[in-house]
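Inspection log for the structure reproduced underneath, given as structure tokens.
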Amino acid sequence: MEPCPGARSWFINCTRVCCLLSRMEGMQEFSTRVLDSSDTPTSLGGELSSQELAASDAKARPHVLFLIDHLMALGGGETNLLKVVQLMPPELVRCSIATFRIKPEIRQNISVPVYVFPWKRFFHLDAWKAAFALRKLIRTERVDIVQTYFETSNLWGGLVAKLSGALLLSSRRDMGILRKTKHWLAYLVVNRLSDRVLAVSEEVKRFCVDADRIDPRKISVVYNGVDLKHIAAEGSKDNPFAKADWAGASHIITCVANIRRVKGIDVLIRTAQRVCRELPDAVFLVAGSLYERDYSEEVQAMIRSMGLEKNVRLLGFIGDPVPLLKMSDAFCLLSRSEGFCNALLEAMACGVPSVVTRVGGNPEAVNDGENGFLVPVEDDTAAAERLLTLLRDPERSTQIGERGRNSVQTRFSADAMIQKLIGVYRDLLAERGKKR
């Protein structure tokens, strides 16, 4: 495929910026908003200075900087990052976060240092300033590994990270659904520069090998993990949704996803229409932000036109969906594409039987008919049939839910995820040591 002139221009300019960065040792100060610097020791009397303490600490444990495009809403990637920095043992790994935008409410719950480099357009002066500031942060804070999330961080941030002397751990969390021509071109460079590529599922790894032509030996698969302790603790608390007007429904089917076309919410509504013909008192709950405005309006219009106002409820963003899942009879997410679904794992960990599409890493978690059901994309008929099977047979539903819970406990725990990540970090550092 011949790249369009605009994409070629973007790629050339991106390369020029990186070359300039690699040559520039002196940088102007950029007024970066540091939202937290609680990890920085203070100097007292004759003790070591903060810089000396930081240098000593850096030798004892690696410093991983997590770079993500934004933290404005909690989708799968954002939730995964926050879970990793929360659960990563601080005595083993020093964690920091860098982003271009962050919502104050999300920031309040982060315990590690957060650095914000605001910029929106690649050719704007702010992007250059942000690149210089990120480079300075990596060098002054002795960052060993930069772990990137999402397109801009993978590409722009990945290039800056490598040119600043850090190891690059480039994450792949989907099947390339948001890529444009300029992204494909930039990945040709970043894939070569990356020290390791982190895939969230074997299916995403296959995509990286087949579409991006990455050496499979360079790709590590680390599944998303569920915090089982948190889920167990929620069982002892009063459910905040117990008094909701829909709480007394005959059957509750929950979907945890932001309102985006790729999440197939329109297919879910057609499925709800079929199920509610048989079970008119059933309620479908969608917990997620109205992420795409036009699509959200389309979804709301569908609900009205089908007369499902009482049966389909858009709850908006729910900070902790676990209490909602614990009172659900089934979980249903009919995505058109997935990397590996966090919400599915949370539902399974709660013992809720699930109906999901056969996309991305879903078949790696769900064995069809054993610990959940898999259905084809766009097939609301099949989805409705599987849901009715669960809702009409409570005994079988419970058995499937328990098998799902066991699957998560044995394969997809947060502890397993953290241990695998630490193993990847150690491998990267060991490889760098051999090269030196």
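Less than 11 Å from a label point 7 Å out along the Cα-to-Cβ axis of Met72: which backbone N atoms in the stretch 102-120 qualify, by residue?
Hits in the stretch 102-120 for Met72 at 11 Å: 102-103, 120.
Evaluate the charge dipole of the stretch 302-374 about its Cα centre and quote only its size in Debye, nearest 20, assuming +1 on the Cβ of each Lys and Arg and -1 on the Cβ of each Asp and Glu.
360 debye
Taking the 0 to 90 degree range and rounding to the nearest ten, how far is the long axis of helix 76-87 tilted relative to the main principal axis of the chain, both from C-alpha atoms?
The helix 76-87 is inclined about 60 degrees to the chain.
Can you give the FRET efficiency for Trp246 and Glu378, using 1/(1 + (r/R0)^6), R0 = 30 Å, r = Cβ-Cβ distance, to the nearest 0.05?
Working from the Cβ atoms, E equals 0.65.
Would you mind counting up the charge near Ile418? Only other residues with Cβ under 11 Å from its Cβ, with Lys and Arg at +1 and Asp and Glu at -1.
0
DSSP beta bridges in the chain, what fraction antiparallel, as a percent rounded to 5?
DSSP beta bridges in the chain are roughly 5 percent antiparallel.
I need Asp281, Asp238 ordered by Cβ neighbour count within 10 Å, fewest first.
Result, fewest neighbours first: Asp238, Asp281.
Do you know the relative contact order of the chain, to the nearest whole percent, from alpha carbon pairs under 8 angstrom that are 6+ apart?
13 percent
How many angstrom separate the Cα center of the stretch 73-106 from the Cα center of the stretch 113-186?
For the stretch 73-106 versus the stretch 113-186, the Cα centre distance is 16 Å.
Which label belongs to the value computed from this structure, given these candidates for Rg and Dmax of the Cα atoms in Å: (1) 24.2, 82; (2) 26.9, 93; (3) 23.1, 77?
Evaluating Rg and Dmax of the Cα atoms in Å on these atoms matches (3).
As a quick test, which of the pairs Lys243/Lys310; Lys218/Lys420; Lys83/Lys229; Lys182/Lys205; Lys136/Lys180; Lys83/Lys103 have an alpha carbon distance above 19 angstrom in this structure?
With Cα atoms farther than 19 Å apart: Lys182/Lys205; Lys136/Lys180.
In debye, nearest 20, what is the charge dipole magnitude of the chain about its Cα centre with +1 on Lys and Arg Cβ and -1 on Asp and Glu Cβ, if you could check?
About 1560 debye.
Give the order of Glu292, Glu105 when sorted by the count of other beta carbons within 10 angstrom, beginning with the fewest.
Glu105, Glu292
For Glu370 and Glu309 in the same chain, what is the full-extension length gain: residue separation times 0.36 nm, less their Cα-Cα distance, in nm?
18.7 nm
Provide the gained length on full extension for the span Leu87 to Arg426, in nm with one decimal, where the gain is 0.36 nm per separating residue minus the Cα-Cα distance.
Computed gain between Leu87 and Arg426 is 120.3 nm.
Give the shape of the stretch 228-411 as rounded, prolate or oblate, defined through the alpha-carbon gyration tensor: a ≥ b ≥ c are the square roots of its eigenvalues, a/c under 1.5 means rounded, and otherwise the shape is prolate if a/b is larger than b/c and oblate if not.
rounded
If you fit an axis through the alpha-carbon atoms of helix 380-392 and take the longest principal axis of the Cα set of the chain, what angle between them do you get, 0 to 90°, nearest 10?
It works out to around 70 degrees.
If R₀ is 30 angstrom, what is the calculated FRET efficiency for the pair Glu202 and Gln399, using the beta carbon separation as r and rounding to 0.05?
Rounded to the nearest 0.05, the efficiency is 0.65.
For the chain, what is the mean residue ellipticity at 222 nm derived from helices alone (per DSSP H run of n ≥ 4: -39500 (n - 2.57); sum divided by total residues; nearest 500 deg cm²/dmol)?
Roughly -13500 deg cm²/dmol at 222 nm, from the helical runs in the chain.
At 1.567 mPa s and 4 °C, plugging the Kirkwood radius over alpha-carbon pairs of the stretch 323-436 into Stokes-Einstein gives what diffusion coefficient in µm²/s?
For the chosen part, D equals 85 µm²/s.
Which one of Ser289, Gly361, His251 is farthest out on the positive end of the charge dipole of the stretch 228-411, using unit charges on Cβ (Lys, Arg +1; Asp, Glu -1) and the Cα centre as origin?
The residue sitting farthest along the positive end of the dipole is Ser289.
Quick one: helix 125-140 against the long Cα principal axis of the chain, what's the angle to the nearest 10°, folded into 0 to 90?
Orientation of helix 125-140: about 70 degrees from the principal axis.
Read-outs: derived from the displayed coordinates by stated rules, not from any lab. Just so it is clear, the structure is predicted and the values come from calculations on it, not from any experiment. Here the Cβ is made from the backbone with ideal geometry for all residues, glycine too, and neighbour counts use every protein chain on show.
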